[in-house]
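First up is the structure itself, then whatever we jot down about it.
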Amino acid sequence: MPRAGLTADRVVAAAADLADEVGFENVSLSALARGFGVKDASLYSHVRNLQDLRTRVAFLAGGELVDRIAVAVEGRSGRDALGAFADAYRAYALEHPGRYAATQIRIDQTLVAASPALRRTAELTYGLLRAYGLEEPDLTDAVRLLRSTFHGYCALESAGGFGAPRDVRQSWERAVDALHVALTHWPREGEAV
């Protein structure tokens, strides 16, 4: 019988909090059980195993991130929307490093397809890029450009990887400006550059 007060949602939320404290890769069922004052076996009524727990944290974090981005981009377009999207992404990554790390794990595509939050993320991102006049296969390429730029920048920043005296925020703004120029003048597939 499940321990009173312990639910799957509480377990996942606690795991997300723990990930922000100790790093996503350091979250374990044992550490989580200790936090609740229960035996490891008590958690198996709520999650199947560590992989299930990590996937659930990824979905929770993905939902939080897309909610933040949606609020930021509402009513905006063009460079303004891109900047709001980028800033919301960066803020979440820096404020919630463990949760953010969870959003980067590989998840079974059937689970992704069933997730409203992850579908919403795709819709928001593709909507932003369609405003630049992009269609497939350019949409996929542009999504990969944004994701790799945002992720790379956030990963380097959170690790203290920017040592130059220039303000990191100013460099971020210039990177977003450069992305806007690239998206505005996107070379269509088969077009000479």
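Structural remarks
- Residue in region 116-155 that is surrounded by the most Cβ atoms within 10 Å (Cβ to Cβ), counting only those that are under 17 Å from the mean Cα position of the chain (by Cα) and of a type in the set (K, R): R120
- Within the set A91, A86, A70, A113, the sole residue that is of a type in the set (A, V, I, L, M) and surrounded by 18 or more Cβ atoms within 10 Å (Cβ to Cβ) turns out to be A86.
- Top-ranked residue in region 59-112 [being β-branched (V, I, T) and in a helix (DSSP H, G or I); ranked as nearest to L128 (Cα to Cα)]: V73
- Any hit, region 40-53, residues being under 30 Å from A113 (Cα atoms), aromatic (F, W, Y) and part of a loop (DSSP other than H, G, I, E, B): yes
- From the options A122, A93, residue that is among the small types (G, A, S), without any contact (Cβ under 8 Å) to a residue 60 or more places away in the chain and either over 12 Å from F59 (Cα atoms) or touching a His at 6+ places or on another chain (Cβ under 7 Å) (or both): A122
All of the numbers you see were taken from the coordinates with simple rules; none came from a lab. All figures in this text were calculated on a predicted structure; none of them were measured in a lab. Note that each Cβ is placed from the backbone with ideal geometry, even for glycine, and that neighbours are counted across all protein chains shown.
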